[in-house]
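Colleague: Please see the structure below; I have some questions.
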Amino acid sequence: MQKLKELRKSVNLKQQELAEILNLDASSISKYETGKAMPSPDILLKIANYFHVTTDYLLNNDMQLDKEQQNINDIPLSADEGALLLQEKLKGTSLVNEQGVITKEGAEIFATFLINNADMLKKFLNDKNNP
């Protein structure tokens with residue numbers, strides 16, 4: 001979550017200081033900032049409330065494509081291949097366990113993401129169905 005690091009630095013807080021404010025370990029803040037872990041929905045909400053931003057704002061930067069990355073429409077994957085690729089990339093995180101099964105936390109985060117990005121998802125589906 002690149003946005004977390006940017007927000008923390010914008011108010012001149014160290015990871016340890018933010019961790020204390022949020023009642024977390026400094027290692028958790030580090031993992032969130034480096035993308036090694038995702039905060040649970042309740043922690044995500046705590047972070048958003050502290051910085052007076054939305055959870056969508058916190059998550060949105062992580063969902064943006066880098067300039068070097070392909071547009072999703074240009075990736076020649078079937079739905080099954082895409083699901084397997086996503087499953088493999090997320091395996092072992094708090095979203096998907098080592099067996100590749102989505103966790104309860106993962107389901108909550110995916111649901112939150114889909115709700116917060118419903119308009120973008122509708123546009124994507126509409127564009128895909130009406131080339």
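The values are calculated or read from the model by the stated rules, or taken from the named source; none is laboratory data. Remember, it's a predicted structure, so these values are computed and weren't measured experimentally. Here the Cβ positions follow ideal geometry from the backbone for every residue, glycine too, while neighbour counts run over all protein chains shown.
Colleague: I'm checking my understanding of the structure. Among residues of segment 84-124 that are small (Gly, Ala, Ser) and assigned to a loop (DSSP other than H, G, I, E, B), which one is farthest from THR34 (Cα to Cα)? Walk me through it before giving the result.
Modeller: Filtering segment 84-124 for residues small (Gly, Ala, Ser) gives 92, 94, 100, 106-107, 111, 118.
Filter once more, so that each one left must be assigned to a loop (DSSP other than H, G, I, E, B): 92, 94, 100.
On the way: GLY92: 15, SER94: 14, GLY100: 22 Å.
It comes out as GLY100.
Colleague: Could you pull out the residue among SER94, SER40, SER78 that is at pLDDT below 90 and under 27 Å from LEU125 (Cβ atoms)?
Modeller: When all the criteria are applied, what remains is SER78.
Colleague: Here's something else I'd like to know. Mind checking which residues of segment 107-124 are of a type in the set (D, E, K, R) and more than 12 Å from the chain's Cα centre (by Cα)?
Modeller: The answer is ASP119, LYS122, LYS123.
Colleague: Let me ask another. Return the pair list, or none, for Cβ contacts closer than 8 Å from residues in segment 19-45 that are not assigned by TED's automatic domain parsing to the domain that holds GLY92 to residues that are among the small types (Gly, Ala, Ser) and assigned to a loop (DSSP other than H, G, I, E, B), at least 6 apart or on different chains.
Modeller: SER28/ALA37; LYS31/ALA37; ALA37/SER94; MET38/SER94; SER40/SER94
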